[in-house]
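To start, the structure under review is shown below, and the notes come after it.
The values are calculated or read from the model by the stated rules, or taken from the named source; none is laboratory data. Predicted model, so just to flag it, every value in this text is computed and none were measured. Glycine gets a Cβ as well: all are built from the backbone with ideal geometry, and neighbour counts include every protein chain shown. Accessible surface is based on the protein model in full, side chains and every heavy atom, while ligands, DNA and RNA are left aside. Shrake-Rupley method; radii C 1.70, N 1.55, O 1.52, S 1.80 Å.
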Amino acid sequence: MQAITYELIHKCKQTGARRGVIHTPHGDIQTPVFMPVGTQATVKSMTPEELKDEVKAEIILSNTYHLYLRPGNKLVKEAGGLHNFMRWDRAILTDSGGFQVFSLGDLRSISEEGVTFKSHLDGAKLFLSPEKVMEIENDLGADIMMAFDECCPYPSTYEYTKQSMERTSRWAKRCKEAHKNMDKQGLFGIIQGGFYKDLRKKSAEDLIELDFPGYAIGGISVGEPKEEFLDILNYTAPLMPENKPRYLMGVGTPDYLIEAALAGIDMCDCVLPTRIARNGTAMTWNGKVVVRNATYERDFTPLDPECNCYTCKNYTRAYIRHLVKTNEILGVRLLSIHNLRFLTSLMERVRIEIENDNLLTFRNEFYKKYGYTKE
């Protein structure tokens, strides 16, 4: 029995957008969905109760690489798994650490067996293989696990990207063979291939043959121009099985979330909402508000008059600016609640527009209001 299954509810007649439900051992996830990132077994500054009651999150992410380093996967297992350790009773997804290892640049070396790298914490020499990553993710106990992959930098040559993609396919097979808890944890494969369509197609074919319960697109939104992102997204998404969840990794701006939904993607994640909160920036239905700016010093209106989050119902731009300028933790918390809720409410709206066969029209209206161009 598969731990993760997908149920299609409606397909937008205007586009390929899908409205569905992902069934997990820790509850159902309404899709398309934005997933807040809790790198170190916490979404920065948020309690689990706030994530559920204020943000309305149904699934969050944690990071395999960081939790392997601290506090260690064996300690998390001893605590009863991530759900028990962090007191979160809804779904969790753990990434494989592939992107974090990729981000280390010259501090790592890749072989067929795995990746040797230096810890960013203390420089200790460490090694991750597909088998080791599966051991860590099984110990962490998330509902959805990601296979260990190699993420190419942008730009990369065709030959390098081809070798990387083929290695990712071989690693995916090893991950599946090493995965121990198929009835409790679903393992997703990650489609790679950089910005070469033939490689994307081959990667998708290789992984679909392995029959994972879900699939992700990795290796885009890594610094390329938006038109290249959209080109590869719209080419790759239709290659993914219709009866399984489709996940686009590392995407969190409103325009990219809407474009992902238009392409038929079900799941997206990003650290963006809490990261920009720490810099004093809010996302609103009328565009970004850099609340630390002097123009908001005497602005006694909510961050976003159209938002019903805890922050917007109770506090003003002037007060939040004061908190940010004085480095008070509450300012980051209030902005984080708002930004996370803004993205979950955006996806709630996207789901409604899909059901009404109206997502393309909504996209155009939203872009105009937010200040985006379609491209």
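Structure summary
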quantity	calculated
Scope the range 80-103; condition more than 24 Å from Thr344 (Cβ to Cβ) and open to solvent by less than 30 Å² (accessible area, probe 1.4 Å); matching residues	Gly81, Ser96, Gly97, Gly98, Val101
Residue count for the range 327-361, restricted to those that are closer than 14 Å to Pro32 by Cβ, touching a helix residue (DSSP H, G or I) at 6+ places or on another chain (Cβ under 9 Å) and either in contact (Cβ under 8 Å) with a residue 24 or more places away in the chain or surrounded by 20 or more Cβ atoms within 10 Å (Cβ to Cβ) (or both)	8
Some residue of the range 55-74 being within 29 Å of Arg363 (Cβ to Cβ), touching a residue at least 60 places away in the same chain (Cβ under 8 Å) and surrounded by fewer than 18 Cβ atoms within 10 Å (Cβ to Cβ)	yes
Residue that is farthest from Glu224 (Cα to Cα), among those in the range 273-314 that are under 16 Å from the mean Cα position of the chain (by Cα) and buried (at least 20 other Cβ atoms within 10 Å of the Cβ)	Thr274
Condition met for Phe117 (touching a helix residue (DSSP H, G or I) at 6+ places or on another chain (Cβ under 9 Å) and assigned to a helix (DSSP H, G or I))	no
Test: residue in the range 152-171 that is closer than 25 Å to Thr42 by Cβ, open to solvent by 20 Å² or more (accessible area, probe 1.4 Å) and either in contact with a helix residue (DSSP H, G or I) (Cβ under 6 Å, 6 or more places away or on another chain) or of a type in the set (Gly, Ala, Ser) (or both)	no
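One line per residue, one yes/no per condition, for (1) in a loop (DSSP other than H, G, I, E, B); (2) open to solvent by less than 10 Å² (accessible area, probe 1.4 Å); (3) acidic (Asp, Glu); (4) touching a strand residue (DSSP E or B) at 6+ places or on another chain (Cβ under 6 Å):
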| residue | (1), (2), (3), (4) |
| --- | --- |
| Met1 | yes, no, no, no |
| Leu8 | no, no, no, yes |
| Lys13 | yes, no, no, no |
| Ala41 | yes, no, no, yes |
